[in-house]
Amino acid sequence: MTETARIAIVGAGSLRGKELNEVLSESPFAGADFVLMDDEAELGTLESVGDEVTFIQRIEPSSFERADFVFFAGDQALTRKHWASAQVAGASVVDLSGALEGQAGVLVRAPWVEDELGANRGQPAPGLETPAVVPAHPAALALALLLGRMAQAAPVRSASATVLEPASEYGRAAMDELHQQTVKLLNFQDLPKQVYDTQVAFNATPAFGEAAKFSLAESESRMRRHYAQLAGEPLPHAGIQVVHVPVFHGYGISLAVELAHPVSLDQVEAALAGEHVDVITADGDPPTNLSVAGQPEILVRARPQAVRDPNGTRFWIWAGLDNLHIAALNAVACAVELNRLRPQGKVQ
């Protein structure tokens, strides 16, 4: 664009909003005019945007006037309440909350994967008629990227993944409850369960309680949907199970892959390495929740399932990624994709 972009972040006080703000300040949009907005609880909070300091503002009917991009980074209710106003104002809408998935014309996007696998594989590209885009789930993005590269070593016969999910995926309230449960357990006190409706401290669980504010089953379903949309025909079906683990931050993914013919570990590592993926060899420290914090890449270690046979068809892939940082990077990549289309008249 020839003039300075105007970007609004709705839900700027959330974990996703803060991470998005930082990523945008180091992106091609760093020189944009930013407006930070949120609900009543976050009003007046000071935030830095690049070298500037600004306040989080109230969301008004006129808030989206002249906005080129509106990122919705708060909860789903906040997105549903305000996204139509942003659309009417002519802004390109990027929905990190996932509230708009399933709405007519709304697309799930992961430009990193599109660049890696080539054409859209039957998936529509954003255009003038696209009301919003939803950045793909970071775990689904990682799986599609890794399996796409594994297929370069040999055709992938089967794949299954156990995804270890952190508390930060559900926001600050979930992190606070994990912390409070940990403290209460160590002091032999009753546990707060307003968010999870179950014990998550010192516990790994495949489901939350019936009264939980979030659904682990829906998180798992979302990963599966997004992977299926991103993978298309080139990649096989991947079994995905999600387990919520007592960590604050960062996804861990244990991925089992069976290839059509034997290859060496060196071939697998060479196939996995590249943009957005950092391969850690056996002589390095493995990816952990701590080591992925703030990292723009997916950290990966591979090993044969048959330890004594370095050449085989079955491999274990252990991957770690900063869920908030990768999600923000994908959201910005989606906006860059939309911005690239603007001079061609494809996006309002």
Residues (in contact with an Asp or Glu (Cβ under 8 Å, 6 or more places away or on another chain) and closer than 19 Å to Glu22 by Cα) located in region 74-95: Gly74, Asp95
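Residue-by-condition table, conditions (1) farther than 18 Å from Val163 by Cβ; (2) in contact (Cβ under 8 Å) with a residue 40 or more places away in the chain:
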{"residue": "Met223", "(1), (2)": "no, yes"}
{"residue": "Tyr227", "(1), (2)": "no, yes"}
{"residue": "Ala231", "(1), (2)": "no, yes"}
{"residue": "Phe248", "(1), (2)": "no, yes"}
{"residue": "Gly252", "(1), (2)": "no, yes"}
{"residue": "Val279", "(1), (2)": "yes, no"}
{"residue": "Pro287", "(1), (2)": "no, no"}
{"residue": "Val292", "(1), (2)": "no, yes"}
{"residue": "Leu299", "(1), (2)": "no, no"}
Matching residues in region 1-17 - criterion: being more than 19 Å from Ala77 (Cβ to Cβ) and out of contact with any helix residue (DSSP H, G or I) (no Cβ under 8 Å at 6 or more places or on another chain): Thr2, Glu3, Thr4, Arg6
Members of region 61-103 found to be of a type in the set (D, E, K, R), outside any loop (DSSP other than H, G, I, E, B) and surrounded by fewer than 18 Cβ atoms within 10 Å (Cβ to Cβ), listed by number: Arg80, Lys81
Single residue of region 171-219 satisfying the filter (touching a residue at least 40 places away in the same chain (Cβ under 8 Å) and in contact with a strand residue (DSSP E or B) (Cβ under 7 Å, 6 or more places away or on another chain)) that is surrounded by the most Cβ atoms within 10 Å (Cβ to Cβ): Val200
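Every number here is computed from the coordinates shown, using simple stated rules; none is lab data. Source: prediction; values computed, not measured. Reconstructed Cβ throughout: ideal geometry from the backbone, glycine too, with neighbour counts over all protein chains shown.
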